[in-house]
Amino acid sequence: MNPKWLAIVALAGAAACASPTAPDPVGAWGGTQASLVLTAAGGTLSYACGAGTIDSTWTVSSSGAFLATGQHYFGGGPVPPGGGTPHPAIYRGDVGGNAFTFTVALTDSNQTLGPFAMVRGGPPVRETCL
């Protein structure tokens, strides 16, 4: 092989290895305590006794670090039309393969919920509050 072509192939390979692609968290996730449906436009979370929304500005790094803002609602069932009492939230987590683990920091009460572990395509959480 021509040394010039060998150098081009080596550089292309090094560039591909130096810029890993971020994991894609878009889709449905479920677990025993939380479930999430995430799109590019945002997401909805369900807990056994609560619900949440994720804004469209969520990000995931090449290492799988997830960061988002949104709202958290205490109480069972989906977010009611017109609201419930929203709590501003920061969602932080890690996405890797088929696993997604996250926590919820409520910025108005300095409370952290979780961690919650989910798997891609896992069962949705039933929204019941006992």
**Prompt:** Picking from Pro86, Pro3, Pro23, which residue would you name as being surrounded by 12 or more Cβ atoms within 10 Å (Cβ to Cβ), more than 22 Å from Val125 (Cα to Cα) and either modelled with pLDDT under 95 or among the hydroxyl-bearing types (Ser, Thr, Tyr) (or both)?
**Reply:** Pro23
**Complete:** Residue set Gly52, Gly43; condition at pLDDT below 95 and surrounded by 19 or more Cβ atoms within 10 Å (Cβ to Cβ); output residue Gly52
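The values are calculated or read from the model by the stated rules, or taken from the named source; none is laboratory data. From a predicted model like this one, the values you see are computed outputs, not experimental measurements. With ideal geometry, Cβ positions are generated from the backbone for all residues, glycine too; neighbour counts draw on all protein chains shown.
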